[in-house]
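Notes to accompany the following structure.
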Amino acid sequence: MKKESIISSYIELTKPRITALVLVTTTLGFYLGGEGINSFSLLCSLLIGAWLVCAGSSTLNHYLEREFDSKMTRTKNRPIPSGKIPPTHALNFGILCTLLGLFMLYVTVNILTAFLSLLTTFLYVLVYTPMKRVSWLNTTVGAIPGAIPPLGGWAAATGTLNFDAGVLFLILFLWQHPHFYAIAWMFKEDYARGGFKMLPIVDPDGQRTFKQVLMYSIALIPISLIPAVTGLSGPIYFVGTLMAGLWLLGISRKFIRSASVANARHLLKATVIYLPLLLLLIVVDAQF
């Protein structure tokens, strides 16, 4: 195999899109916790450490799910099931990245940030990953490590956590449900072939899935407005977030009424737009 192909395969193991989202939300927590970026060197150390831990965790997820990925159409060409990367090499790479990242965060940032990254890895790799084959509640459990990155950024900037940091966690936690339920609905047959207990698989008619999507889409609206109430953000954020939340709820209801894969895809796209928009509103509001 060509060197370029090997490098691209290792990059794929790190799940670049998920890692990018982690780095963005980590930076957001750092920015809001410190009321601006007061130390670029500290931010760089934080992002490098967070990237290493996230890359390592993602690689370990690939390793643990290699057998199941080989049965699914959308994942059978991933580096390990396709034979591009030997499983032991991926395992060693994942462990090395994770340990290096944790060590860097502990030495150059602080122990709380390192602990939050360790907790994220534990929940993602050793709880969420095996739970996907046991219970449909894996989506909710998996949303916990997915919502921790802004806490890590906040802890890096302040050395502590508070109510506002918890609100950031809740926003990200709630947002992940319509996002991942849309994905699960789109690929439910594929997930079934892989042996994953996603909600749309154990709920063929979709009624429980639709209730979950509606419940979390509604809950996201008031929770996302709390930063404007506590003073973390202001009126620009409030108005923009309210409109974005109502828009996302409308897309969710359209999916629920139709139960179509096409509208599940529309919901997925809406969630992908919603989160960066929310983050942009926070940053823009902070400038006024």
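Bear in mind these aren't lab numbers, they're just calculated from the coordinates by the rules spelled out. As the structure is a prediction and not an experimental result, all values here were calculated from the model. Heads up, the Cβs are rebuilt from the backbone with ideal geometry, glycines too, and the neighbour counts pull from every protein chain shown.
Miscellaneous remarks
- Checked against the criterion of being closer than 29 Å to residue 135 by Cα and among the acidic types (Asp, Glu), the range 163-184 contains not a single residue that satisfies it.
- Residue within the range 254-265 that is within 29 Å of residue 130 (Cα to Cα), free of Cβ contacts under 8 Å to residues at least 24 places away in the same chain and surrounded by fewer than 17 Cβ atoms within 10 Å (Cβ to Cβ) present: yes
- When every residue of the range 224-231 is checked against the conditions, at least one turns out to be buried (at least 21 other Cβ atoms within 10 Å of the Cβ) and either assigned to a loop (DSSP other than H, G, I, E, B) or under 20 Å from the mean Cα position of the chain (by Cα) (or both).
- Subset of the range 84-94 that is in a helix (DSSP H, G or I) and in contact with a helix residue (DSSP H, G or I) (Cβ under 7 Å, 6 or more places away or on another chain) - its residue that is surrounded by the fewest Cβ atoms within 10 Å (Cβ to Cβ): 87
- Hits in the range 76-94 (condition: more than 20 Å from residue 193 (Cβ to Cβ) and more than 22 Å from the chain's Cα centre (by Cα)): 84, 85, 86, 87, 88, 89, 92
- Residue within the range 142-158 that is part of a loop (DSSP other than H, G, I, E, B) and touching a helix residue (DSSP H, G or I) at 6+ places or on another chain (Cβ under 9 Å) present: yes
- In the range 236-272, the residues that are of a type in the set (Phe, Trp, Tyr) and under 23 Å from the mean Cα position of the chain (by Cα): 237, 247, 255
- Single match in 57, 5 (criterion: outside any loop (DSSP other than H, G, I, E, B), farther than 29 Å from residue 130 by Cα and hydroxyl-bearing (Ser, Thr, Tyr)): 5
- Exactly one residue out of 75, 25 is in contact with a helix residue (DSSP H, G or I) (Cβ under 6 Å, 6 or more places away or on another chain), on the phi < 0 side of the Ramachandran plot and either surrounded by fewer than 21 Cβ atoms within 10 Å (Cβ to Cβ) or outside any helix (DSSP H, G or I) (or both): that is 75.
- Subset of the range 198-217 (residues that are within 17 Å of residue 137 (Cβ to Cβ), without any contact (Cβ under 8 Å) to a residue 12 or more places away in the chain and assigned to a loop (DSSP other than H, G, I, E, B)): none
- Residue 133 surrounded by fewer than 19 Cβ atoms within 10 Å (Cβ to Cβ) and assigned to a loop (DSSP other than H, G, I, E, B): yes
- A search for C-beta distances below 7 Å between a residue of the range 158-172 that is free of Cβ contacts under 8 Å to residues at least 24 places away in the same chain and farther than 17 Å from residue 38 by Cβ and any residue that is part of a helix (DSSP H, G or I) and of a type in the set (A, V, I, L, M), counting only pairs 6+ apart in sequence or on different chains, returns 169/147; 169/151.
- Residue match in the range 274-287 (condition: over 20 Å from residue 33 (Cβ atoms), out of contact with any Lys or Arg (no Cβ under 6 Å at 6 or more places or on another chain) and surrounded by 14 or more Cβ atoms within 10 Å (Cβ to Cβ)): yes
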